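**Student:** Sharing a structure here in structure tokens format.
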Amino acid sequence: MKKVKSTPKKKITKKASTPKKRVSNRKYPPKKCEKADCEIIFIPTSKKQKYCTRQHQIDQNNDNRTEREAPGRNLEKIYRHNEQILKKLKEACERLKKSVISLDYLNIENYYHGYNTDSTINSQTGNTVGWSYHYGLEGFNKEKQQFIIHYRENYLI
């Protein structure tokens, strides 16, 4: 009996297809790029195209987002600023073994009054505590303009 040699099977490799750029048969009138500082006039490939390049679209969207989010960022800076001041003054009070701080110290440090992330009522004194994330400021003696600084653990931001 004669052995028949089998022919090895060829491995078929599929070529990765390159995506074809869609070309429209429609013709659109030239228009100016909508990016703020771009003066290029281009011929759009679709009715919805607003920018001459993809990079100009990205840049303009980033600029719009920056402008839209600016007020929130400014508030966040004030909250963080107040928190750092309260942290600094709380540590100073602990070093000096004081429990009350004067309004003058807050003014020297440029504390922004009225900017709090949230507020609670102290169950022992009944006074409002205005929080700047982890640190809170409670009015202690309104005639002498004295305050107590509180630290809140496990504060979720």
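None of the figures in this text is laboratory data; all of them are computed from the coordinates on show. None of these values were measured; they are calculated from a predicted model. Methodologically, a virtual Cβ is constructed for each residue, glycine included, from the backbone with ideal geometry; neighbour enumeration extends over all protein chains shown.
**Student:** Contour minus end-to-end for residue 121 and residue 102, with contour as 0.36 nm per residue of separation and end-to-end as the Cα-Cα distance?
**Tutor:** 4.8 nm
**Student:** So, one more: Does anything in the range 58-80 have its amide N under 14 Å from the 7 Å Cα→Cβ label point of residue 93, and if so which residues?
**Tutor:** Under cut-off, by backbone N: nothing.
**Student:** Another question, then. Treating only the Cβ atoms of Lys and Arg (+1) and Asp and Glu (-1) as charged, compute the dipole magnitude of the range 31-151 about its Cα centre; round to the nearest 20 debye.
**Tutor:** The dipole magnitude comes to about 400 debye.
**Student:** Could you work out the percent of alpha carbon pairs in the range 31-151 separated by over 23 Å, rounded to a whole number?
**Tutor:** 50
**Student:** Grab the beta carbon distance between residue 141 and residue 73, set R0 = 41 Å, and tell me the FRET efficiency rounded to 0.05.
**Tutor:** 0.70
**Student:** Using the Karplus equation 6.51 cos²θ - 1.76 cosθ + 1.60 (θ = phi - 60°), what ³J(HN,Hα) coupling, rounded to whole Hz, does each residue of the range 67-82 give in order, writing x for Gly and Pro?
**Tutor:** Calculated HN-Hα couplings, in order: 5, 5, 8, 4, x, x, 5, 5, 4, 4, 4, 5, 4, 5, 4, 4 Hz.
**Student:** Using 0.36 nm times the number of residues separating residue 61 and residue 48, minus their current alpha carbon distance, what extension gain do you get?
**Tutor:** Gain on extension, residue 61 to residue 48, equals 3.1 nm.
**Student:** Would you mind putting 93-99, 53-59 in packing order, based on average other-beta-carbon counts within 10 Å, highest first?
**Tutor:** Ranked from most to least packed, the peptides come out as 53-59, 93-99.
**Student:** OK, next. Out of 85, 129, 60, whose Cα points farthest toward the positive end of the dipole of the range 31-151 (charges: +1 Lys, Arg; -1 Asp, Glu; placed on Cβ)?
**Tutor:** Going by the charge dipole, the pick is 60.
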